[in-house]
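The structure appears right after this line, and notes come after that.
The values are calculated or read from the model by the stated rules, or taken from the named source; none is laboratory data. Quantities reported herein were computed from a predicted structural model and do not represent experimental measurements. Because the Cβ atoms are built from the backbone with ideal geometry, glycine has one as well, and the counts that use them run over all protein chains shown. Surface areas here come from the heavy atoms of the whole protein model, side chains and all, with no ligands, DNA or RNA. Shrake-Rupley method; radii C 1.70, N 1.55, O 1.52, S 1.80 Å.
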Amino acid sequence: MITNHHFSLDLNDGFSITLKDRTTSLAVCRIDLSRGSSSLLVEKPGRFHISDAESIQTGLGMAQRVITRATFGALQARLTIDQYAQWEDAFILQWEFENQGDSPLKVDVSSLPHLQLSEALRQNLWTMQGVAVDWGQDFALPLPESFARDNYLGHNDYGEGGGVPLIYCWNQKSGLALAHIETYQALWHMPVQSDPKQGIYVALQDRRPTEIEPSGKLQSLRVLLSLHHGDFFESLRLYRQIMSQQGLCAPATNDEDFQPAWCSWGYEFDVRPEEMTGVLPVLKELGIPWLTLDDRWFDHYGDWNLRPDTFPGGDEQMRKMVDKIHAEGAYAQIWWYPLCVEDGSGRWDTFVYGTSESLRRHPDWAVLNQDGSVARNNRSLAIICPGLPEVRQYTVELTRRFIQDWGFDGHKLDNIYTVPPCYNPAHHHQRPEESVEGFAEIYRSIFETTRRLKPYSVNQICPCGTPITHTLIPWMDQAVTADPTSSEQIRQRIKFYKGLMGPRFAVFADHVELSDGGVDFASEIGSGGIPATKFIWPEDKTKRSRLKEWPLLTAEKKTLWTQWIEVYRGYPLAKGEYLNLYDLAFDRPEAHAIRYDGKLYYAFYTNKPGQKFSGKITLRGLEPKEYQILDYVEDRLLGTVKGQTAELEVDFTSHLLLEASSNP
């Protein structure tokens, strides 16, 4: 048995491993190489051997390493297990297989590994699945009795894809994380399946057929297995630390990343420059300094020239609009969608695609699937290949146009998931995966070019409705909750990104109009997010016919918006340190804690909007002294408590936001 703090790996001679929290079994870890319905590892392994632990220097630091070996027929199997003193309750594993026979061995699916969860962990199980599979997905959810999700880490044609290669399963007693820690995007699957008869399993699988030639080798990804207690935050924190050690870390934020923002999406697809500048008086009054020019200001995807019907004055009109925004002391952000072009096929909403001029000039830029068809993104647009130096240079030129020529101060990069392998013969790729590897380089070029031109810029990447692809972590300085469908998703995703990017990282809460009732600033601010809105103003009834929604800033809403933006100005908790003191799945009422400016701030939420709570709440993380408890929204003292863990009788509806300040 190999033990790191409370987490143990009990190695069996069948090359399986029992994963334990102290003495409690959490899962059995197995491996498989399959060909059709048969396994290449069906035989009982021979010559099974476990080495003594030895110290070894790796790219992650000094490790204690154990190596196990066994044979499966012609296959020599080798498992390396590393543990690091700085990362308790964690192991990094890697499997390798060498074909010592005379004939090639075909492999259809490599399951490296496959975890079968134990009865102890299956009770009241929640799961966080970091893979981007579908718009609107819950990042974390109670696992249904019957559930199946393939969780492909690559591109889904006409859909999403990518994400964070981490699956976490937990209940009130223990949590188990499975991740790979490669800095590149591996085109593997991370299936999760729950079945009343077969139980629950989680796996990391390569479903691309391959052959192991004689004397050839097949190697797994580097796999992280870790034990935690509580929700997904700690598993993401550990993943962040390991990836940061390899250079894949979030960039430094700036003050502008934490400023409230207004977005033109209230005016939908046909926003006009006068509507952008028309909101400036009320934004100044509210204290919202950022304006985003959202979707469809352009003529064609890929060209990004101005629409003659909404911007008839062309580039000069755009410059004047941005200059007017700057003259009011505000900042301008531009929406766009890199790497896509129109090729005469498809539509989005009412917009029927034509053919982008950039594709007319460079028809060979398109990504092709293995069958020769044009690869398409979630808007049915063709994709241009990020593996081409010319495409990268074109992206830099576009960035300079938006930031240097037009004067914008940052980007809202939207619908950003990943790209597929490219089989276009005109590109002369050594490997089809060069397009996938070039994907993050596109966003590096946008980020670095923009930061050079405007160091205070805000570079937001929105993977609409899904988690961000992990290779993009270094190239955005503002994460976003990305089209949440409820206040619960807003809060959950803020905590997700505070774990993944860092406890003080800037997380844009997205438009408050997407929250419960369209007014739930308490969820955005109290959990550590940056408030935002997409209202239209002033009222102009002639615009009703072109808009599907009517998010008018009425006098009543203006009063509410003013109150909450003032709350955020006084308590900008997005800048604070998110503290993982509560479990989103099992602590009720739902709670969040943030340390800011030497004080602790708490936010409590009921399960549903409008629901009442009456009873005791627990304030965790206090020192053993007295604290005054203030409802900072209502400016109302609720009493005095004594730490370290204190309880307070409260009554509230929907939410309660508190400040704990120590008595002198």
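For segment 120-239, the convex hull drawn through the C-alpha positions has a volume of 136 cubic angstrom per residue.
Helix-only arithmetic for the chain: the sum of -39500 (n - 2.57) across DSSP H runs with n ≥ 4, divided by the residue total, places the mean residue ellipticity at 222 nm at -5500 deg cm²/dmol. Summarising the label geometry, the points placed 7 Å from Cα in the beta-carbon direction at residue 661 and residue 208 lie 5.8 nm from one another.
These residues, 106, 575, go from largest to smallest accessible area, 1.4 Å probe, as 106, 575. Distance between the pseudo-spin-label points of residue 614 and residue 327 (7 Å out from Cα toward the beta carbon): 5.8 nm.
Return an integer: the convex hull volume of the alpha-carbon atoms of segment 190-270, in Å³ per residue.
On the way: hull volume 26.5 nm³, N = 81.
Taking only Cα atoms, segment 190-270 has a hull volume of 327 Å³ per residue.
If DNA, RNA and ligands are ignored and the probe is 1.4 Å, what is the ranking of 56, 468, 50 by accessible area, most exposed first? Show your work: numbers first, answer last.
Numbers: 56 45, 468 0, 50 70 Å².
Descending order: 50, 56, 468.
The accessible area of residue 362, taken with all protein chains in place and a 1.4 Å probe, comes to roughly 60 Å².
For Cα pairs less than 8 Å apart in space and 6+ apart in sequence, what is the mean separation divided by the residue count of the chain, i.e. the relative contact order in percent?
10 percent
Taking GluC sites (Glu not before Pro) across segment 40-93, the ones in a DSSP loop with at most 15 further Cβ atoms lying within 10 angstrom of their Cβ are 43, 88. Per-residue surface analysis assigns residue 422 an accessible area of about 0 Å², computed on protein heavy atoms at 1.4 Å probe radius. For segment 139-145, putting each phi into the Karplus relation 6.51 cos²θ - 1.76 cosθ + 1.60 with θ = phi - 60° gives couplings of 5, 10, 7, x, 6, x, 4 Hz, in residue order, rounded to whole numbers and with x for Gly and Pro.
What translational D, rounded to a whole number of µm²/s, comes out for segment 308-408 from Stokes-Einstein when the hydrodynamic radius is the Kirkwood one over Cα pairs, at 20 °C and 1.002 mPa s?
Numbers: Rh = 15.5 Å.
Result for D is 138 µm²/s.
The simple Förster model, with R0 at 22 Å and r as the Cβ-Cβ distance, assigns residue 116 and residue 44 a FRET efficiency of 0.75.
Give the percent of DSSP beta bridges with both residues in the chain that are antiparallel, rounded to the nearest 5. Don't skip to the answer; put the middle values down first.
Values: 136 of 160 bridges.
If we restrict to bridges inside the chain, about 85 percent are antiparallel.
Solvent-accessible area per residue in the chain equals 38 Å², computed with a 1.4 angstrom probe and all protein chains kept.
Among the trypsin sites (Lys or Arg not before Pro) in segment 1-105, those located in a DSSP loop and surrounded by at most 13 other Cβ atoms within 10 Å of their own Cβ are 22.
Ignoring ligands, DNA and RNA, what percent of the accessible area of segment 453-582 is carbon or sulfur (1.4 Å)?
On the way: 1980 of 3830 Å².
The nonpolar share, carbon plus sulfur, comes to 52 percent.
Extents of segment 232-345, largest first, come to 51, 45, 23 Å (Cα atoms, principal axes, whole angstrom).
Given all pairs of different Cα atoms, what value in angstroms does the Kirkwood hydrodynamic radius of the chain take? It works out to 26.6 Å.
Considering only protein heavy atoms and a probe of 1.4 Å, how much of the accessible area of segment 106-162 is carbon and sulfur, as a whole percent?
47 percent
A cut-off under 14 angstrom between Cβ atoms defines the neighbours of residue 598, and their net charge, with Lys, Arg +1 and Asp, Glu -1, is 0.
What ranking of 618, 395 comes out by heavy-atom accessible area, probe 1.4 Å, highest first? Write out the running numbers ahead of the final one.
On the way: 618 40, 395 5 Å².
Of 618, 395, the descending order of accessible area is 618, 395.
Length, then width, then depth: along the principal axes, the Cα atoms of segment 238-288 run 48, 26, 15 Å.
Close amide-amide hydrogen proximity is noted between residue 297 and no other residue 5 or more places distant or on a separate chain, at a cut-off under 5 Å (H modeled in the peptide plane; Pro and chain starts excluded).
As an exercise, use a Förster radius of 60 Å and the Cβ-Cβ distance of residue 653 and residue 78 to find the FRET efficiency, rounded to the nearest 0.05.
On the way: r = 60 Å, r/R0 = 0.99.
After rounding, the FRET efficiency stands at 0.50.
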